[in-house]
1. Report the label-to-label distance for residue 229 and residue 88 in nanometres (one decimal), using points 7 Å from each Cα along the Cα→Cβ vector.
2. Write down the percent of antiparallel bridges among all DSSP beta bridges whose residues are both part of the range 163-277, to the nearest 5.
3. If I take the Cα coordinates of the range 163-277 and project them onto the principal axes, what are the three extents in Å, biggest first?
4. Can you give the net charge of the other residues whose Cβ lies under 11 Å from the Cβ of residue 47, counting K and R as +1 and D and E as -1?
5. Of 61/97; 202/337; 104/184; 61/104; 203/253; 137/209, which pairs sit farther than 19 Å apart, going by alpha carbon to alpha carbon?
6. Just name one of 168, 242, 183: the one whose Cα is farthest towards the positive end of the charge dipole of the range 163-277 (beta-carbon charges, Lys/Arg +1, Asp/Glu -1).
Amino acid sequence: MLRSSLNTLARPAFTSLRAASTLTAGFPKVAERLPTKYGGVYTVTLIPGDGIGQEITESVKEIFESVNAPIEWDQYDVSGMSSSGEALFKQAMESLKRNKVGLKGILFTPISKSGHISWNVAMRQQLDIYASVVLCKSLPGVPTRHSDVDFALIRENTEGEYSGLEHQSYPGVVESLKVSTRAKADRISRFAFDFALRNGRKKVTCVHKANIMKLGDGLFLNTFRRVAEDYSASGIEYNDMIVDNTSMQLVAKPTQFDVMVMPNLYGAIVSNIGAALVGGPGVVPGCNVGRDYALFEPGCRHVAKDIMGQDRANPAAMILSATMMLRHLGLDHIANKIASATFQVLNAGTVKTADMGGKSLVSSGESFIPLSRRTGSSTTSEFTAAVIKNLE
């Protein structure tokens with residue numbers, strides 16, 4: 001199930017796997033330690049997260065049960081809403097270390113300086129799940145301003161501005177340290193090129209701000225260029241682009257991008273732009289992988305507290321992230337079945353949650369609208385049921 005490491009990928013063999021999109025992840029399988037498996041069943045750590053997390057992970061559990069997926073959940077209802085959940089967070093981390101694979105929603109991070117650190121970031125740093133993969137692809141049933149968008153965003157997950165090293169040197173003066181290392185820039189650049197090779201993609205773009213941060217981002221850019229030379233025989237094109245221009249180019253002409261690699265903060269911003277281009281956070285899957293662990297979560301990291309508990313969330317991104325997890329475990333046949341059923345629902349456009357253009361029940365002024373009278377508005381439960389029906 002676990003395949004060769006990044007440095008030993010058989011490059012020519014992967015050009016036939018161009019199907020990589022939200023249907024086929026195709027990220028390099030770099031984990032070296034086997035996931036927990038007993039009697040043909042994998043134990044996976046499940047962290048539903050805050051906001052809509054419980055609802056969309058429940059969708060995944062229902063779908064997995066309907067296809068009898070060989071997955072046993074080790075669930076931890078961690079919440080980032082207060083620091084009181086730190087003990088449960090530590091238990092969840094121990095579970096991830098045991099099982100090697102996890103599925104999670106997004107944990108809330110308080111803005112107040114008296115609040116706890118981001119547990120999402122803590123997971124990535126402590127487990128060294130250094131590569132974030134976010135897949136942005138246009139879907140026929142999700143009309144947007146641009147069509148034929150299909151790019152993968154590779155984000156360095158463990159350093160940069162997310163190092164969390166800040167202090168107040170004098171009242172009203174804050175110094176925040178951005179950590180950049182050649183080793184991690186090299187590692188994420190090679191991951192991006194290997195991802196391109198596995199999926200038959202043609203170009204890798206490095207996003208940076210080296211014109212201003214000449215040392216930090218300059219190191220990232222120059223390392224990327226050196227790595228690109230090692231892949232010159234592969235035929236993959238490469239270029240680089242300043243992050244502010246990248247933002248404009250994404251909105252103006254997103255089809256020019258194929259694989260994008262960048263430091264942490266830029267990845268957080270660009271992934272939101274990418275999600276907006278293809279229909280919003282509800283349709284963009286993602287994962288975080290490293291040498292020993294893999295953690296799968298929606299690519300656009302929103303808690304969506306405003307609609308929690310209302311059965312209105314779009315579970316597609318979480319479902320597709322879960323199919324990426326199944327492929328990581330070598331369960332491609334089940335992953336393909338679930339992903340295909342999900343795309344059938346999305347592309348048909350008859351079962352649409354509010355974020356995809358379905359009429360909002362709240363804005364209708366009525367407390368309840370019978371299903372027969374709804375004009376495209378669907379609940380999380382109805383979307384899940386439609387996916388399960390397409391599995392039959």
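Every number here is computed from the coordinates shown, using simple stated rules; none is lab data. No experiment lies behind these values; they were computed from the predicted model shown. Note that each Cβ is placed from the backbone with ideal geometry, even for glycine, and that neighbours are counted across all protein chains shown.
1. 5.2 nm
2. Values: 5 of 14 bridges.
If we restrict to bridges inside the range 163-277, about 35 percent are antiparallel.
3. Answer, in whole Å and largest first: 53, 32, 22 Å.
4. Values: positive: 104; negative: 50, 74, 77, 297.
Once positives and negatives cancel, what remains is -3.
5. Where the Cα-Cα span goes over 19 Å, the pairs concerned are 61/97; 202/337; 104/184; 137/209.
6. Value: 183.
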